[in-house]
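Below: the structure, in structure tokens.
The values are calculated or read from the model by the stated rules, or taken from the named source; none is laboratory data. Treat the numbers as computed from the prediction; the structure is a model and nothing was measured. All Cβ positions, even for glycine, are placed from backbone atoms using ideal geometry, and neighbour counts span all protein chains on display. What goes into the accessible areas is simple: the full protein's heavy atoms, side chains included, and nothing from ligands, DNA or RNA. Shrake-Rupley method; radii C 1.70, N 1.55, O 1.52, S 1.80 Å.
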Amino acid sequence: MEFIDLGTQYEHISENIKSRIHAVLQHGAYIMGPEVAELESALESYVGVKHCITCANGTDALQLALMALNIGPGDAVFTTPFTFFATAEAISVLGATPVFVDIDESTYNLSPENLEDAIRNFDVSTGLTPKAVIAVNLFGLPADYEKIEPICEKYGLKLIEDAAQGFGGEINGRKACGFGDVSTTSFFPAKPLGCYGDGGALFTNDDKLAEVLRSLRVHGKGSDKYDNVRIGMNSRLDTIQAAILLEKLSIFSREVDQRNEVACRYLSGLPDQFVKPYIPEGFRSSWAQFTLMLDSTEARETLASSLKLNDIPSAVYYPISLHQQTAYKGKCVVHSAAMSEKVASRVLSLPMSPYLKKSDQEAVIQCLSSISETV
Ligand SMILES: *Cc1c(COP(=O)(O)O)cnc(C)c1O
């Protein structure tokens, strides 16, 4: 059994993928070929947002979003300490400073209450100016944008939705990648919508921001590529990856349903002694990960090794909160992070994919049930 099974999906779609790739090899427009524009409009329709701008990866997407919002040295950006490193890295690489704000204890996403407290009680002695918030859709579950959006509006902060893990999620019918001023996602192979290499995208309803983003991803181009009007990046999505994504997008809705079926079976079959993922009313997760919380780090280690003995892979996302990373020593502001530290020391993610076989899932549930009887 694999932790994330990409092979079975490929078996289902290999013929179509091959002909999509073949078409690109035939027309030869490897950079910004027709599939890129076709994918962008397909993604706009899927999410229900006016503009999609594809780019080279999810980290660049975050950096491009911050650049388009003019975030730089002296600026503070509020974000969660319980996420992949890239979320904060994009802030720091531009010379701005992340302000870490603790997560909600049941969803593991940025807590709106802590966020408002961090903004109200911002420490002016830091010399920083609060400019923006990056909320993350951790493990596929959208952050609480119905509460976070009004907070950002109230205090005049820009909001970026980091939906690298969350493409396919929803809140009351509103799709992930449609929240905030600008939203980002990643097409890294293991994400809910993955390509066969690196890829990413930005989404916004703001015409002006979209125009700036399209310029920034190609060296800050103006009217043509040898007219440069701003400092940008080289961050385009390869045509071949766009072609692959077009094929994968055509089965994506069904795959999100399948992920939800797998999650439902875990939720009903696993013993209640483990803290299971919590999906608030009206929310839908795209289940990038299915993550349990244990009583202690030792309990997690015991569980992971018992699973391993039964050939069941598991993984820890994330073992170290960002404010505790070596790279962030003296380079960040911490408003609150106690819950993040606790969760980081206790979580364990189980195998999850749309194609997880029922028999394999039964084996995981069986193994966890027998362990729960012994501890
Ligand atoms: C994967 C991920 C990213 C970065 O995406 P890449 O395409 O790997 O650069 C950013 N934020 C989060 C939360 C992620 O999980």
*Where residues in the range 262-293 are loosely packed, with under 14 Cβ neighbours inside 10 Å and among the charged types (D, E, K, R), which of them is farthest from PRO192 (Cα to Cα)?*
ASP272
*Considering each of ALA299, ALA304, ALA263 in turn, give the residue that is touching a Lys or Arg at 6+ places or on another chain (Cβ under 9 Å) and outside any loop (DSSP other than H, G, I, E, B).*
ALA299
*Test for ALA201: is it closer than 22 Å to SER285 by Cβ and open to solvent by 30 Å² or more (accessible area, probe 1.4 Å)*: no
_Test result for THR107, away from the ligand (no atom under 16 Å from the Cβ) and out of contact with any Pro (no Cβ under 6 Å at 6 or more places or on another chain)_ = no
*Of all residues in the range 179-192, count the ones that are under 19 Å from GLU153 (Cα atoms) and open to solvent by 20 Å² or more (accessible area, probe 1.4 Å).*
2
*asked:* Considering only the range 196-208, I want to know if a residue exists there that is more than 21 Å from ILE91 (Cα to Cα) and either among the aromatic types (Phe, Trp, Tyr) or within 16 Å of the ligand (Cβ to nearest atom) (or both).
replied: yes
*Which of the residues belonging to the range 221-250 are aliphatic (A, V, I, L, M) and either surrounded by 15 or more Cβ atoms within 10 Å (Cβ to Cβ) or in a helix (DSSP H, G or I) (or both)?*
MET233, LEU237, ILE240, ALA242, ALA243, ILE244, LEU245, LEU246, LEU249
*From ALA315, ALA304, ALA288, which residue is within 16 Å of the ligand (Cβ to nearest atom) and in contact with a Ser or Thr (Cβ under 7 Å, 6 or more places away or on another chain)?*
ALA315
*Could you tell me which residue of the range 119-174 is nearest to GLY200 (Cα to Cα), considering only residues that are open to solvent by less than 20 Å² (accessible area, probe 1.4 Å) and acidic (Asp, Glu)?*
ASP162
*asked:* Among the residues in the range 30-42, are any open to solvent by 10 Å² or more (accessible area, probe 1.4 Å) and in contact with a strand residue (DSSP E or B) (Cβ under 6 Å, 6 or more places away or on another chain)?
replied: yes
_Filter pass, ARG254 being at pLDDT 95 or above, assigned to a loop (DSSP other than H, G, I, E, B), among the basic types (Lys, Arg) and open to solvent by 20 Å² or more (accessible area, probe 1.4 Å)_ = no
*How many of the residues making up the range 87-101 are open to solvent by less than 10 Å² (accessible area, probe 1.4 Å) and out of contact with any strand residue (DSSP E or B) (no Cβ under 7 Å at 6 or more places or on another chain)?*
1
*Would you mention how many residues in the range 48-84 are in a loop (DSSP other than H, G, I, E, B), more than 14 Å from the ligand (Cβ to nearest atom) and of a type outside the set (D, E, K, R)?*
8
*For the range 43-63, which residues satisfy the criterion of being within 17 Å of LEU246 (Cα to Cα) and open to solvent by 50 Å² or more (accessible area, probe 1.4 Å)?*
SER45, GLY48
